[in-house]
Structures are given as structure tokens and as C-alpha cells.
Amino acid sequence: MIKVLFLPNWEVYYLEKDDLSIPTPNKIVKGKGYWFFKYLPEWKVDIIDNTSLFPLNLIERNTKIQIFQQIRALLKENKYDLIISHSYLSGFIFSVIRSLVNIKFPPHFIIDIGCLNGGVENKLQINILKFAIKSVSGLIYHSKVNENFYSKYFYNIPRKYITFGIDPEFFRPLEYSPSQDYILSIGYAKRDYITLLKSWEKINYPLKIVGTTALDVQSLKNVKLIPKVPINVLKELIHNALFIVLPIVDVPYSVGQMTLLQCMAMEKTVIVTRVPGILDYVKDNVNGIFVKYRSYKDLIEKVEYLLSNPEEIRRIGINARYSILENYTEEKMAKDIYRFVKETCGIN
């Protein structure tokens, strides 16, 4: 049995019984396996989440780096065979201190969502990162675009592109006919809502935006803002939508993949911005539809095309779920991570 310490960049709740309103990565249900680790029964997983204490939480709020979490991990690391940080925000302090004292065991892997420092090519930051990751055993990343940054500055570190995966049994079409009386957009961060709202000045179909209420939509009578909702409510909103529009910002790392794959798994056609973090998951006009970045004219054209071709909405939606089942499941992601860790440091 391999003892694993997992450091997620979010809060995790410990539940006596399941609560379907809480996303899978955010909960440990008594008697059930946790997130993708449930597919790896030979790994016994403990978790230190990102909850913190005053006044460290004030510093963490500004830096986004989970200091308290990583200090706790350093005090416990000798009890484990493997450490995994989800995002470098939950691994930076841990790796810096281990590099300072030249500690490399237990091996430390980073699931690198944000391309270490957001892929910023700042000389000082790069030099700090080069020192910090001396103690890191490997990087796992979900967007091939990250490789451009790694190969330029961090070419010596073992790394592996592994597709992100979701649970297609949890995210599946619900057992009733959808209303299909609106189009849906989802997300509160790294979304290009300026282009979306400009497009809707010309689109005569109801739009619901879930995740933010901070947008100015007073002049758009067919746009409704909905705050963040529990995951079970979000599933109902996705199910009842005619199709989905995800306007993603253009950054050189993973953005929007989880939401995209959740919608695809629920057999929805998604119009999504053609940005680096999405390219690995969508084949244009096959399992989704690409739209040019910041092109409201292109977005209008793609939305009007689907409104005029309902058979295309159905065809692409079916293909979307099929592609999830074939390529983008939690189980596949878990087993790929397991193989990479085993190949890199011999843990099995």
C-alpha cells in the first residue's frame, strides 16, 4: 500500500453521507474513495486542503500561495511515500524549502494547472522556479501548450501531458426532456464576457450566465445573470440548455477544461473560444464548435448557425459525450498519473 499526501488548491469537506450539491473533488464521503484516487486502490490518500488561519490567510489571499497548507505538509511528509500538489500554488513553498535542504524523498509531483507561474517569462521568477523545482520529481499537465514553457526553461524535469478527465456517470443527460428554452454560459473567472455580451446585442435568444452577477446587462433584456450554484443545480441548468457558449480568455495554460468536459459529458454542444488550453479537447464541428477569440461577429455567426440547424446541435452533442467516454474520464486520468509516477520514481 502506497501512502499518498494530496495537497489540493481548494477546501475539502469530510461527510458522513454524500451531498450531491458538492463537487467530487471537494468532498470525502465516509466509506467511499476520493475523486480520481478511487480508481487507484493501492494508493491510500490523506488530504491537507487549503484552509488556513489568521493572519496567514490574509497573506494567502493576496499571493494565492497556500502557505499554511504547505507548512503542515512539511511537518508530515516523512509519513508518506508520495506527495502530490494540485497546482503550484499548493506546492511552491513546499518545493522551495525541500530544495534549500536538498530533500527529494518522498517524491513530490505537481499537477500543474497554471504553468507554474502562469507561463510568465520574467527572469527573476524563472530563476526562483528553477531553484524551487530541483526537489520536484515530476510535472503533470493537462494542456500541450505548457510544453513550450517547460522545454524553454525547465527541460530537465520529468513531465507528462495527461488529459483531464471527469466522471461521465455523474455528468450525464438527466432522465427527463430538457426545456431547451435558453443558451447557457458558465464561469466566474477567466471568461471573455465582453465579447459574449456584445454578441448578444444582436442575438434574439435567451441567455443565462451562471457564476457571476457583476456584469452590466441592464440593456440586454434577454440576458439573465445567476450567481454560483451547487453542482446539482448546475447540472440541471446544463441539461435544460439548448447548447452552451464558453467564452474563454487566451492564456498559455489550462483554462475552462473542467466546465467544457462536464457539458460535453451531458451531451451538450459547446461553442468555445479557440484558445490553447482547449485545443487538445475539441475537434471543430465534430465534438464542439470553435469560435475566434474576441470576435463577436464570429460568435454571432456560430450561434445563429446552431439556432438554424437543430440537427447539428443533436449530432455534435452526441459526439461530445462519446469523446468523453473514449478519452476524457477520471479513470483514464488516474491510471495515466499512476503510470507516470511509477515510470518516474518506481512507486507501484
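The values are calculated or read from the model by the stated rules, or taken from the named source; none is laboratory data. As the structure is a computational prediction, the values presented were derived from the model and not from experiment. As a convention, Cβ positions derive from the backbone with ideal geometry for all residues, glycine included, and neighbour counts pool all protein chains shown.
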- Query: Mind checking which pairs have a first residue in region 55-69 that is in the same structural domain as Ser85 (by TED's automatic domain parsing) and basic (Lys, Arg) and a second that is assigned to a helix (DSSP H, G or I) and modelled with pLDDT of 85 or more, Cβ under 8 Å, 6 or more apart or different chains?
  - Reply: Lys64/Leu89
- Task: Can you work out which of the residues in region 38-79 that are acidic (Asp, Glu) and not in a helix (DSSP H, G or I) is surrounded by the fewest Cβ atoms within 10 Å (Cβ to Cβ)?
- Result: Glu42
- Query: Based on what the data block shows, is Lys134 without any contact (Cβ under 8 Å) to a residue 24 or more places away in the chain, of a type in the set (Lys, Arg) and not assigned by TED's automatic domain parsing to the domain that holds Asp280?
  - Reply: no
- Message: Can you find, within region 309-346, the residue that is farthest from Gln180 (Cα to Cα) among those that are free of Cβ contacts under 8 Å to residues at least 60 places away in the same chain and among the small types (Gly, Ala, Ser)?
- Response: Gly346
- Task: Answer yes if at least one residue in region 111-128 is within 25 Å of Asp336 (Cα to Cα), surrounded by fewer than 20 Cβ atoms within 10 Å (Cβ to Cβ), at pLDDT 95 or above and touching a strand residue (DSSP E or B) at 6+ places or on another chain (Cβ under 8 Å), and no otherwise.
- Result: no
- Any chance you could count how many residues in region 1-45 are closer than 19 Å to Lys79 by Cα and charged (D, E, K, R)? 3
- Considering only region 149-177, state which residues are out of contact with any Cys (no Cβ under 9 Å at 6 or more places or on another chain), surrounded by fewer than 21 Cβ atoms within 10 Å (Cβ to Cβ) and either farther than 27 Å from Met264 by Cα or among the basic types (Lys, Arg) (or both). Ser151, Lys152, Tyr153, Phe154, Tyr155, Asn156, Ile157, Lys160, Arg172
- Are any of the residues in region 259-273 small (Gly, Ala, Ser), within 30 Å of Thr163 (Cα to Cα), crowded, with 20+ Cβ neighbours inside 10 Å and at pLDDT 95 or above? yes
- Taking into account only those residues within region 14-26 that are under 24 Å from Ile110 (Cβ atoms) and free of Cβ contacts under 8 Å to residues at least 24 places away in the same chain, which is nearest to the chain's Cα centre (by Cα)? Pro25
- Note on the structure: Tyr253 fails exactly one of (1) under 30 Å from Ser177 (Cβ atoms); (2) touching a helix residue (DSSP H, G or I) at 6+ places or on another chain (Cβ under 9 Å), namely (1)
- Subset of region 191-245 (residues that are among the basic types (Lys, Arg) and farther than 25 Å from Ile316 by Cα): Lys198, Lys221, Lys224, Lys228
- helices (runs of 4 or more DSSP H) wholly inside region 82-199 containing at least 1 residues that are closer than 21 Å to Tyr281 by Cβ and of a type in the set (S, T, N, Q): 146-153
- Item | Filtered residues of region 129-146 (kept if exposed (fewer than 14 other Cβ atoms within 10 Å of the Cβ) and within 17 Å of Val275 (Cα to Cα)) | Lys144
- Scanning region 22-37 for residues that are surrounded by 13 or more Cβ atoms within 10 Å (Cβ to Cβ) and more than 18 Å from Gly165 (Cα to Cα) gives Ile28, Val29
- Message: Based on this model, can you work out whether Tyr205 counts as among the aromatic types (Phe, Trp, Tyr), in contact (Cβ under 8 Å) with a residue 60 or more places away in the chain and surrounded by fewer than 18 Cβ atoms within 10 Å (Cβ to Cβ)?
- Response: yes
- region 222-255: number of residues that are more than 20 Å from Arg294 (Cα to Cα) and β-branched (Val, Ile, Thr): 5
- Checking Asp284, Asp298 in turn, the sole residue that is without any contact (Cβ under 8 Å) to a residue 24 or more places away in the chain, buried (at least 18 other Cβ atoms within 10 Å of the Cβ) and charged (D, E, K, R) turns out to be Asp298
